[in-house]
Amino acid sequence: MCRHLAYLGPPVPVGDLLTRGPHSLRTQSWAPRDMRGGGTINADGFGIAWWTPTQPASTEPRHPGMLLAGIHTGDGPTGGAGSRPTAHRDDDRRDPASNLGTREAGPSRYRNAAPIWTDPAVDEVLPQIYSRAVLAAIRSATVGMPVERTACAPFTHGRWAFSHNGVIPDWRGTLTAVAAKFDSPSLLEAESMTDSAALWVILRGRMESEATPDVALREVVRAVAELSPSARLNLLVGDGETVWATAWRHALSVLVGEEFVVVASEPYDDDPRWQAIADRQLVVARPGWLSVQDLDIEIGRAGS
């Protein structure tokens, strides 16, 4: 079923988001706590995406590790009635003294189809790259789906990164019908023959059609659930500034501080500020700010 995590906040070593805490994402690859019947381990690969701010020509990066973009494989806010502000922050969160540039580029990405604990880059290279926006995932492949690098989240497009924690039974028929409903790009554009990769084609197609991420997530979750009521659809989207997530028949938690936010399948430590997200919720998060709203989708509730 996979596990995933998104971070926004002060610059941190990218690799730290994979190994942080006694129950880190790496630990969850062999000892997850809340798979809810969706497998036992997450050993079929992993991936991580990070946003590197565009540097002015005359500016030296604060963290030399930001120059190590050679690891890049070439793979290419709204609140509402349910908003729960945790701390006030100005919409412009740039810190001129941080020397981190003024505009976010699209994410860089590193993926490997091997178990995360076998890859030395996690400890030796990724910790040398700094970012204030990271999205990472470990994979548990559904039976019958390929175990390959291109099947590992995050999936990226433009400024976006995406991960899916869950499964869609009969995904070929279901997603073909959903793609037709939304006039999506061809599912042949999917990086891999998996439900998650095909789902990303549909979701990014909705966002490219001027649907906001929260609207697109509601539309796509509803459309998939109508055709596949037993689907598990914990979706995670980031653009380097905001994180959007859904909790649909799988675990999700959020940690919010004044200067950061983490959205994760499972808490990586025992910080009492972690909040478990109830089922069928839409999360929108930024550093110091959190909105949790009901998805208002009743389909298949009895089978949850």
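Of the three principal axes defined by the Cα atoms of the stretch 177-304, the extents in descending order read 44, 35, 25 Å.
Using the count of nearby Cβ atoms within 10 Å as a rough guide to exposure, how do ILE297, ILE168, ILE138 rank from fewest to most?
Working: ILE297 18, ILE168 25, ILE138 32.
By the 10 Å Cβ count, ascending, the order reads ILE297, ILE168, ILE138.
For the stretch 165-285, what relative contact order do you get, as a whole percent, if you take Cα pairs closer than 8 Å and at least 6 residues apart?
On the way: 182 pairs, mean separation 26.5, N = 121.
That works out to 22 percent.
Orientation-averaged projection of the stretch 217-257 equals 3.4 nm² [convex hull of Cα atoms, one quarter of hull surface area]. By the equivalent-ellipsoid construction on the alpha carbon gyration tensor, the stretch 112-162 comes out with semi-axes of 21, 17, 8 Å, ordered largest to smallest.
What's the whole-number percent of alpha carbon pairs in the stretch 137-195 lying beyond 19 angstrom? Show your work: numbers first, answer last.
On the way: 535 of 1711 pairs.
Of all Cα-Cα pairs in the stretch 137-195, 31 percent lie more than 19 Å apart.
In this structure, GLU189 and VAL143 have a Cβ-Cβ separation that, at R0 = 25 Å, corresponds to a calculated FRET efficiency of about 0.55.
Taking Rh as the Kirkwood radius, which is the inverse of the mean 1/r over Cα pairs, what is the Rg/Rh value for the stretch 243-298?
Values: Rg = 10.9 Å, Rh = 11.4 Å.
Rounded to two decimals, Rg/Rh equals 0.96.
Panel note: the C-alpha atoms of the stretch 137-249, placed on their principal axes, show extents of 34, 28, 27 Å (largest first).
The fewest-to-most ranking of SER186, SER265 by surrounding Cβ atoms within 10 Å reads SER186, SER265.
No value in this document is a laboratory result; all are computed from the given coordinates. Source: prediction; values computed, not measured. Positions of Cβ are generated from backbone atoms using ideal geometry, with glycine treated the same way; all protein chains shown enter the neighbour counts.
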